[in-house]
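Structure first, then comments.
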Amino acid sequence: MIMQDKMSQSGLLVQMNKNASENSANEQISVRLKQERKRIGLSQTNFCDAIDTALSSYVKYEQGKRSIPADKLLGLEKTGADVCFILTGKRVTHPEGHIEKRFAELDQHAQQIVQELITLLLKD
């Protein structure tokens, strides 16, 4: 009986350590998710629209109370979010489509200036 109790305690400790590790990862991801949303300048509602989820669910992602599913993370890419940063804390230097997205957000005059600058920089 004593041996069985020790085995049960050991199993419980392993599960507790696993849960603590998962909670820590969720907390870190939730902090970076919020940082990334703020860096881009979008509201929680905008992020919800991008990943087609309810605001109540998204708030739980940012609070670390719920893991964000992979398909929802992929949806964040549409906003220009650095999904690699959200998951790992390491930034991707130039997320695909990021520059094009930012350029498209400029008004026509600003786009013309950028194009002229690029032309000047590429001249021999």
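The values are calculated or read from the model by the stated rules, or taken from the named source; none is laboratory data. Values in this document were obtained by computation on a predicted structure and should not be read as measured data. Cβ coordinates were reconstructed from backbone atoms using ideal geometry, including for glycine residues, and neighbour counts include every protein chain displayed. Quick note on the areas: whole protein, heavy atoms, side chains included, nothing else; ligands and nucleic acids left out. Shrake-Rupley method; radii C 1.70, N 1.55, O 1.52, S 1.80 Å.
Scanning segment 108-124 for residues that are open to solvent by 100 Å² or more (accessible area, probe 1.4 Å) and either modelled with pLDDT of 90 or more or of a type in the set (Ser, Thr, Tyr) (or both) yields a total of 3. Taking helices (runs of 4 or more DSSP H) as the structural unit, those lying wholly within segment 41-90 and holding at least 1 residues that are polar (S, T, N, Q), farther than 18 Å from Glu27 by Cβ and without any contact (Cβ under 8 Å) to a residue 24 or more places away in the chain correspond to 44-51, 55-63. Among the conditions (1) surrounded by 13 or more Cβ atoms within 10 Å (Cβ to Cβ); (2) over 19 Å from Gly97 (Cβ atoms); (3) at pLDDT below 90, the only one that Leu33 does not satisfy is (3). Selection within segment 53-93: residues that are charged (D, E, K, R) and over 10 Å from the mean Cα position of the chain (by Cα). The member of this set that is surrounded by the most Cβ atoms within 10 Å (Cβ to Cβ) is Lys60. Considering every residue within segment 42-51, establish whether at least one is over 21 Å from Arg102 (Cβ atoms), under 12 Å from the mean Cα position of the chain (by Cα) and either open to solvent by less than 40 Å² (accessible area, probe 1.4 Å) or among the aliphatic types (A, V, I, L, M) (or both). Within segment 42-51, none of the residues are over 21 Å from Arg102 (Cβ atoms), under 12 Å from the mean Cα position of the chain (by Cα) and either open to solvent by less than 40 Å² (accessible area, probe 1.4 Å) or among the aliphatic types (A, V, I, L, M) (or both).
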